[in-house]
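Visitor: Below you'll find the structure I mean.
The values are calculated or read from the model by the stated rules, or taken from the named source; none is laboratory data. This one's a predicted model, so the numbers in the text were calculated from it and none came from an experiment. Cβ sites come from the backbone with ideal geometry, for glycine too, and all protein chains shown count toward neighbours. Remember, those area values only see protein heavy atoms, side chains included, never the ligands or the DNA or RNA. Shrake-Rupley method; radii C 1.70, N 1.55, O 1.52, S 1.80 Å.
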Amino acid sequence: MCGIAGYLTFDGTPVDQGVVAAMARSLAHRGPDGESVTLFPQLGLAHRRLTIIDLATGDQPMANEDGQVQVIFNGEIYNFRELRSDLERAGHRFHSQSDTEVIVHAWEQWGAACVEHLRGMFAFALVDWRRQLLFLARDPLGIKPLYYLSTPRRFAFASELRALRCLPGAAFDIDLAAIDQYLFLKYIPAPRTAYQQVLKLPPGHRLTVPFSGETGPPQQYWRLALQPQSGRSADDWVEELDSVVRESVRAHLVADVPVGAFLSGGIDSSLVVGTMAELVDRPVATFTIGFEESDYDESGPAAFVAGQVGSEHHREVVRPQAMAILPELVDHYGEPFGDSSALPTFYVSRLAQQHVKVALSGDGGDELFSGYDSHRRWLRWLGFADVARPAWFWPLRRLAGALLPGLHPPRRRDLTGWLRMVTVMRPQMRRALWRPEHRWASEEPLEIFEREFARGRTGSAVDLARHMDITTYLPFDILTKVDVASMIHSLEVRTPLADVRVAEFAARVPEELLIARRDGDELEGKVLVKRALARRYPRSFVDRPKRGFAVPVRRWLSSNGALLPEVEARLLGPKSALLEYFEPTVLRQLLVREIDTPLWLLLFLEEWLRQNRCAPTH
């Protein structure tokens, strides 16, 4: 795990060593074990290293035999040993044991298609001096971030937005349409960022930047195709899930430093920890965050799992410090990010880093295996409460709806319906919130949602919900949250469920093993994963109601139902940065509601605006 940054000039301007060094320093938390600043006439590369694999000879940039190909890399390649064997048979010579060097020789062997051979979490920048180009790529599911800024004079990239702010003369104008998307979703989906001039490289994409400056758009190299299969027993599916998860956890355990695990007490982390305990010959180090508020505290179930697997368990009770760490969170996320579960992720990462350098998490299971309540709400909204009926049931239902006017047919699947399930602030509220001169910002379409909904709607309603979360919520919220909150503490977090091979297995799982009827009209999610988990833990534990990684933000920031004076002054007082853009009366109405999410959403935005006094333009 590392931090990368750099920039390429197109007009012959020499690279400034001080700028590249400043970019490297801004990423020190991502790689406290080493720094490199490498300069060429028109290219500068910055790298910060967190040593996980090949502690002795893994420094970067990593080059091929003649130095004509060099790479800086953030992440891990889990199949690097198999790829190395293939490449050695093809005549390539290696001088290290690092997974990074595999990327260099894979480029020599396959060119831009090299990324299609890599299994892991990664963002890298590779320079090929013969071809006179810079090549960037991001892993298929979007675990590792990569931002870039392209102008006629230069191209710059970095693991975090804060590194790009080191560039002298670069413009960083607020993109108000992106801020409106943030109010809608709690995050800004790729390729947009909060700045008009900066973009995110989307998951599963690569980008070629010729030294001439004729940069084209990013190209997608990987897409998950959901194609459920039938004709197998549930037991067969459980066996295959066990095998796939076991193989993925084994791959994610490869490291030359201690590895632990986050343990929330939920389905996914319990599956990962249980599998991990079966694969290692020592007690697993597990880490849990608890709250004094019992209705938010999941540390009890986590302790139960720890006892079941015999882990070396560490628990920390988190007390109200949201306002104290807010500036640090905003600085590192670099743009508005309103998921309040970043707070417990920050704390559990800090706890884990005191004991290990790497931790496994259960992220990805809900998206791949239909664990979210939004998926079940989506089916109910469509009128599919009878999900998992035989195939002949649906034609009869449609016929009955046509013959009996009182029996309403299911609603038509459209994007507006899906957005009702997953958004924070409805369009009417957002439009009313903006001042009149900025109201145009709420009128722009959510292009990535429109595109992905069109691609996913040919499948079942269940698969459409999965497709939408896999392509939007997972990379732009969940994986972004974990990457930033963990790297603040120089901790590498790996996600064995958010893995290409696990995803490709999940793509084949039939609908009835994702969501099924239970107890009359009640719908149960993540059916297959629960069946697998029931082999390790009691059914009473497996069947507990799902609870997200939520925090009692409103309780922490209010007293007797009213916002604390310092919080109210910050958001609604005369110095509030929000009032430059929002209607005060509408803002007050929104904040007095008994809802946690808009409060944290607006607190984060206000702090970001304070830290980034930029001029918005239309």
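Visitor: At least 1 residues that are touching a strand residue (DSSP E or B) at 6+ places or on another chain (Cβ under 6 Å) and not aliphatic (A, V, I, L, M) in each: list the helices (runs of 4 or more DSSP H) lying fully within the stretch 273-360 that qualify.
Guide: 299-309, 342-353
Visitor: A follow-up question, please. Return yes when residue 75 is open to solvent by less than 30 Å² (accessible area, probe 1.4 Å), within 19 Å of residue 201 (Cβ to Cβ), of a type outside the set (Lys, Arg) and in contact (Cβ under 8 Å) with a residue 24 or more places away in the chain and no when it is not. Outline the logic, then answer.
Guide: Values: open to solvent by less than 30 Å² (accessible area, probe 1.4 Å): yes; within 19 Å of residue 201 (Cβ to Cβ): yes; of a type outside the set (Lys, Arg): yes; in contact (Cβ under 8 Å) with a residue 24 or more places away in the chain: yes.
Judged against the criteria, residue 75 is a match.
Visitor: Of the residues 157, 135, 122, which single one is buried (at least 24 other Cβ atoms within 10 Å of the Cβ), at pLDDT 95 or above and of a type outside the set (Asp, Glu)? It would help to see each step written out before you state the result.
Guide: Working: 135 fails: buried (at least 24 other Cβ atoms within 10 Å of the Cβ); 122 fails: buried (at least 24 other Cβ atoms within 10 Å of the Cβ).
From the options 157, 135, 122, the qualifying one is 157.
So that you can scan it fast, the table gives a plain yes or no per residue for (1) of a type in the set (Phe, Trp, Tyr); (2) open to solvent by less than 10 Å² (accessible area, probe 1.4 Å); (3) within 30 Å of residue 180 (Cα to Cα); (4) at pLDDT below 90:
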| site | (1), (2), (3), (4) |
| --- | --- |
| 286 | no, yes, no, no |
| 294 | no, no, no, yes |
| 307 | no, no, no, no |
| 320 | no, no, yes, yes |
| 323 | no, no, yes, yes |
| 326 | no, yes, yes, no |
| 330 | no, yes, yes, no |
| 338 | no, yes, yes, no |
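Visitor: Separate question: If only one of 514, 599, 497 is more than 30 Å from residue 50 (Cβ to Cβ), surrounded by 22 or more Cβ atoms within 10 Å (Cβ to Cβ) and in contact with a Ser or Thr (Cβ under 8 Å, 6 or more places away or on another chain), which one is it?
Guide: Working: 599 fails: in contact with a Ser or Thr (Cβ under 8 Å, 6 or more places away or on another chain); 497 fails: more than 30 Å from residue 50 (Cβ to Cβ).
That would be 514, the only listed residue that is more than 30 Å from residue 50 (Cβ to Cβ), surrounded by 22 or more Cβ atoms within 10 Å (Cβ to Cβ) and in contact with a Ser or Thr (Cβ under 8 Å, 6 or more places away or on another chain).
Visitor: Residues in the stretch 431-455 that are touching a residue at least 60 places away in the same chain (Cβ under 8 Å) and either under 20 Å from residue 146 (Cβ atoms) or open to solvent by 10 Å² or more (accessible area, probe 1.4 Å) (or both): how many? Steps first, answer last, please.
Guide: Initial filter on the stretch 431-455 (touching a residue at least 60 places away in the same chain (Cβ under 8 Å)): 432-435, 438, 440-442, 444, 446, 448-449.
Next, from what is left, pick out any that are either under 20 Å from residue 146 (Cβ atoms) or open to solvent by 10 Å² or more (accessible area, probe 1.4 Å) (or both): 432, 435, 438, 440, 442, 444, 446, 448.
Adding up the residues that qualify gives 8.
Visitor: Would you check if there is a residue in the stretch 567-578 being closer than 21 Å to residue 265 by Cα and either open to solvent by 60 Å² or more (accessible area, probe 1.4 Å) or among the basic types (Lys, Arg) (or both)? So that I can check it myself, show each step before the final result.
Guide: Initially, the stretch 567-578 is screened for residues closer than 21 Å to residue 265 by Cα, giving none.
The answer is no, given that none of the residues of the stretch 567-578 is closer than 21 Å to residue 265 by Cα and either open to solvent by 60 Å² or more (accessible area, probe 1.4 Å) or among the basic types (Lys, Arg) (or both).
Visitor: Taking the stretch 217-232 as the search range and keeping residues that are under 13 Å from residue 455 (Cβ atoms) and assigned to a loop (DSSP other than H, G, I, E, B), which one is least open to solvent (accessible area, probe 1.4 Å)?
Guide: At the first step, the residues of the stretch 217-232 found to be under 13 Å from residue 455 (Cβ atoms) are 220, 223-226.
Next, from what is left, pick out any that are assigned to a loop (DSSP other than H, G, I, E, B): 223-226.
On the way: 223: 88, 224: 24, 225: 57, 226: 40 Å².
Of everything passing the filter in the stretch 217-232, 224 is least open to solvent (accessible area, probe 1.4 Å).
Visitor: Output the strands (runs of 3 or more DSSP E) that fall wholly within the stretch 5-97 and possess 1 or more residues being under 31 Å from the mean Cα position of the chain (by Cα) and of a type in the set (Ser, Thr, Tyr), or say none.
Guide: Details: elements: 34-39, 43-49, 69-77.
Answer list for the stretch 5-97: 34-39.
Visitor: Let me ask something additional. In the stretch 174-199, what count of residues is obtained for those that are under 21 Å from residue 154 (Cβ atoms) and open to solvent by less than 40 Å² (accessible area, probe 1.4 Å)?
Guide: 5
Visitor: Report every pair of residues separated by at least 6 positions or lying on different chains whose Cβ atoms are under 8 Å apart, first residue within the stretch 211-229 and within 21 Å of residue 147 (Cβ to Cβ), second part of a loop (DSSP other than H, G, I, E, B) and of a type in the set (Gly, Ala, Ser).
Guide: Every condition considered, the pairs that remain are 220/204; 221/204; 222/204.
Conditions (1) out of contact with any Leu (no Cβ under 8 Å at 6 or more places or on another chain); (2) at pLDDT below 95; (3) farther than 21 Å from residue 202 by Cα, marked per residue:
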residue	(1), (2), (3)
51	yes, yes, yes
55	yes, yes, yes
60	yes, yes, yes
71	no, no, no
85	yes, no, yes
93	yes, yes, yes
102	no, no, yes
114	yes, no, no
117	no, no, no
